[in-house]
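Q: Below is the structure I would like to discuss, written out as structure tokens.
Readers should treat all values here as calculations from the given coordinates under stated rules, not as data from a laboratory. Being a predicted model, the structure only gives us computed values, none of them experimental. Positions of Cβ are backbone-derived with ideal geometry, glycine not excepted, and every protein chain shown enters the neighbour counts.
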Amino acid sequence: MEIDCNSQRSQKLSKTEKKLRQKQMKARHTLLKHEGIECVSYPTESLVVANGGLGNGVNRRQLLCVVEECGPVEALLMPPNKPYSFVRYGTIEDSKRAYDSLNGKEILSEDCSQNVVLYLSFVGKVSWEDMAPTALPPGLRVIEELVSPEEERELLESINWTEDEVISNAQRSLKHRRVKHFGYEFQYDNNNVDRDRPLPGGLPDICNTLLAKCLEMGYIKHKPDQLTINQYEPGQGIPSHIDTHSAFEDEIISLSLGAEIVMDFKHPDGCAAAIMLPQRSLLVMTGESRYLWTHGITPRKFDVVQASKGQNIGTVTADIGDLTLSKRGRRTSFTFRKVRRSPCNCSYPSVCDSQHKDTAPMFPANEREASMLEEKFVHEVYEEIARHFSSTRHSPWPRVVEFLRALPCGAIVADVGCGNGKYLGVSPNLYMFGCDRSKNLVDICGVKGFQAFVCDVLSVPIRSGSCDACISIAVIHHFSTAERRLASLRELVRLLRPGGKALVYVWAMEQEYNKQKSKYLKEKRACKGKVEEIDTSAMKAADDNDCQGSVDPNEDVSQYKGRCCNVTQVAHSNLPVHTNRTSFDSQDLLVPWHLKDGTKQKAGHANSHLASPADSHTLSPVFHRYYHVFCEGELEQACKALDGIKVQKSYYDQGNWCVVLEKL
């Protein structure tokens, strides 16, 4: 009997080791595929620790304590916002000991929300040249300790958050972040102020000393007349944006009180800088940093910061790898601006609304205009291009398939905005149905034998709480206001039962992220001055999410080389038109679709604009679809404005921002 028991224990251990080895190999594959980190099969002094990174809630001090159990550590390198780390031991023996004893070890994440399982692999030489700290954007300054702790306390105590205020409809969406305005009310519906309607009382008197110091020190040239006070609880943020050029003068200053925070700056070319704003510091934005770079705060409860000397992290030093997690506190910002009285004449006309009045307004002013814009540049277009669109949509996205196949057998799944239904037949173990605003696309689903019906995504005629899961792939970016995009997310959540999950994909503003170019951008066409006539009969319409973020693998993209879509205007629209296979210059734009359906149509179609001179010829039309492309963190921020949900996962997938939501 004792022999049998030992045999069973040995067999059980063997199964455990086999399972651990499989997960370890999966972690290696993921690191190589998504991060370019190649593991080696032989022992070295250096190890990569998958799952053990700042990006998934593991603190530097916490990980250091674990890896030091196996021997003296020469370096612990933790890249910002990455779910892995590198550890280097003094000897190969210590490294092998860590490999053998720490693989599969569970530790608790910093916020105690989950257990994290570590998977270690040997790596060769680790280069940190590409992770050097980014310099401040031009024109940006951070002045530390501008006010004393006593002045900070007085400023915070001066805010009366309890007084009654008139809250506009636009501000109701800010219910999760407290906001107050002085001097002029900032209008969130058009990102501007009404110069003819100043608020009574002007700026609080308590700010006079602070502003006088800023003028004296040369941080500002003119005394501000508008103040916005924001209070951020841990986990809250603000989407990336540029303060409207025509609304305010060059200098914008923001005082951080109560807690430190990291603010993310991004250049249109994809360059990014995460800037720490210490408590009681002043941020000064002028010139390029004010007019060209977007700035925002990613909603999270921990920031990646430089480990201070005061923290007991041992003698391990690794230059820029000396990073750790800092828990956010309640931060209150005082942002001062000077209202502009004349048009902006900055050196950045491509993003200046004063110098592009022919393209303003960029956003619908109300629900009626939003509905009309979407009807013309979304619904009507998809009805026209449905057959051609469907012919280019036959390859399901791998990570969407992964989400669906991970659902339990018999799960009821709604594909909201199902298009031609390419996901409806992914798994025979699921009960899937689809819905779409386009009747012609729904008819195609019917021909394929799928269950689908026509409806508006904002009002799905399905009982609340009846679905185990929902997917919304390349749909929400077609809504033209933040309120309508939020309403579409709210409708997805309504369909879910408690514990149900939703997967959402939207186009990303960042078509190059973490050195990962979308396949769409990799295949961008070169325009060399002379506009060639485009033979649309020889082109495939590779403009949708399957190719904006990632070209359909069955599509021959070589046929685009040397061609150029040089459309710059569309009749009856003030929106910019995107040049296909280039980076985005605007978040709200029209994207051309070159129709190929075997028919020819005369130039001047009501909803198209030809890409080349028509003369007396007839050409296949070019249709234009409206898109709002999302900046990093914007989709997560919208999701976190919903009640009763948890963002389980967020990631970037070949030109798309993606989230997995769970209904609590």
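Q: Please compute the length gained on full extension between R463 and M217, using 0.36 nm multiplied by the number of residues separating them and subtracting their Cα-Cα distance.
A: Values: separation 246, 0.36 × 246 = 88.56 nm, distance 6.19 nm.
Using 0.36 nm per residue and subtracting the Cα-Cα distance, I get 82.4 nm.
Q: Please give the length that would be gained between N160 and D194 if that part of the chain were fully extended, namely 0.36 nm times their separation in residues minus their C-alpha to C-alpha distance (nm, one decimal).
A: Full extension of this stretch gives 9.9 nm more.
Q: Using DSSP to call loops (not H, G, I, E or B), can you name the trypsin sites (Lys or Arg not before Pro) in the stretch 341-443 whose Cβ has at most 16 other Cβ atoms within 10 angstrom?
A: Answer by residue number: R341.
Q: Another question about this same structure. Determine ³J(HN,Hα), in whole Hz, for all residues of the stretch 489-496 in sequence, where each value follows from phi through the Karplus function 6.51 cos²θ - 1.76 cosθ + 1.60 and θ = phi - 60°; x replaces Gly and Pro.
A: My calculation for the stretch 489-496 gives 5, 4, 5, 4, 5, 4, 5, 7 Hz in order.
Q: Calculate the spin-label point distance for K439 paired with Y42, positioning each point 7 Å from the Cα along the beta-carbon direction, and give it in nanometres.
A: Reported label-point gap for Y42 and K439 is 6.9 nm.
Q: Please list 216-229, 195-208 highest first by mean number of surrounding beta-carbon atoms within 10 Å per residue.
A: Working: 216-229: 16.2, 195-208: 12.3.
Ranked from most to least packed, the peptides come out as 216-229, 195-208.
Q: Given the Cα-Cα distance of R341 and R178 and 0.36 nm per residue of separation, how much length would full extension add, in nm?
A: 55.9 nm
Q: On to the next question. With each pseudo-label sitting 7 Å past Cα toward Cβ, what's the D585-I206 distance in nm, one decimal?
A: About 4.6 nm separates the two model spin labels.
Q: Next question. Report, in listed order, any pair from K301/K663; K327/K646; K15/K96; K180/K338; K439/K646; K96/K649 with a Cα-Cα distance greater than 27 Å.
A: K439/K646; K96/K649
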